[in-house]
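Here the structure comes first, spelled out in structure tokens, and everything after it is commentary.
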Amino acid sequence: MQIRLLFAVSTALFLVASAFAGPREDVAGATMKWGETLGQNDPDAVLWGTLSPTVREDRAALRDYFVTAFKVLPNLKVAFGEQLIRVYGNTAVNTGYYTFSFVKDGESKTLPARYSFTFVKDGQNWMIVDHHSSAMPPPPQ
């Protein structure tokens with residue numbers, strides 16, 4: 001219940017902030033859209049997945065990655081942490097960390113990871129043209 005409320009409040013704040021958005025806010029919005037559509041079944045990109053040793057560059061390979069991931073990681077969701085967004089004209093880079101959550105064997109699990117997205121502006125839309133994600137390493141001992 002609290003997560004739904006937090007999501008609803010975050011969405012409302014995002015919509016209000018969008019009215020005053022600049023390029024950084026637009027890129028943050030495009031990143032959030034990626035997170036919201038993570039579970040959809042229509043991939044079109046190049047992906048080197050967080051849990052994959054293989055680069056996938058066609059729709060069939062992407063679909064295979066996500067179908068397998070959703071079978072192995074049911075109810076997969078993502079929550080974003082700090083984001084560092086840099087805009088260079090019609091190109092932007094968003095680097096940060098996120099935490100995947102999922103259910104495995106009836107138990108809730110999380111996987112912290114770091115990421116970088118590269119965006120190119122196509123008309124009014126920021127399109128992801130490259131995305132790297134890797135599991136967060138443990139702290140040094």
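The values are calculated or read from the model by the stated rules, or taken from the named source; none is laboratory data. Every value quoted in this text rests on a predicted model; they were computed, and no experiment measured them. Ideal geometry is used to build each Cβ from the backbone, glycine not excepted, and the neighbour counts take in all protein chains shown. For the accessible areas, the whole protein counts, side chains as well, though only heavy atoms, and no ligand, DNA or RNA atoms are used. Shrake-Rupley method; radii C 1.70, N 1.55, O 1.52, S 1.80 Å.
Numbers for the structure displayed
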read-out: Index of the failed condition, ALA60 passing every other in (1) of a type in the set (A, V, I, L, M, F, W, C); (2) open to solvent by 70 Å² or more (accessible area, probe 1.4 Å); (3) in a strand (DSSP E or B); (4) modelled with pLDDT under 95; value: (3)
read-out: Matching residues, segment 63-96, being open to solvent by less than 70 Å² (accessible area, probe 1.4 Å), closer than 24 Å to ALA28 by Cα and among the aliphatic types (A, V, I, L, M); value: LEU76, VAL78, ALA79, ILE85, VAL87, ALA92, VAL93
read-out: Residue within segment 29-49 that is in a strand (DSSP E or B), touching a residue at least 12 places away in the same chain (Cβ under 8 Å) and surrounded by 13 or more Cβ atoms within 10 Å (Cβ to Cβ) present; value: yes
read-out: SER116 small (Gly, Ala, Ser), farther than 16 Å from LEU76 by Cβ, part of a strand (DSSP E or B) and modelled with pLDDT of 90 or more; value: yes
read-out: Selected residue (only one of THR99, THR110 is assigned to a strand (DSSP E or B), open to solvent by 50 Å² or more (accessible area, probe 1.4 Å) and at pLDDT 90 or above); value: THR110
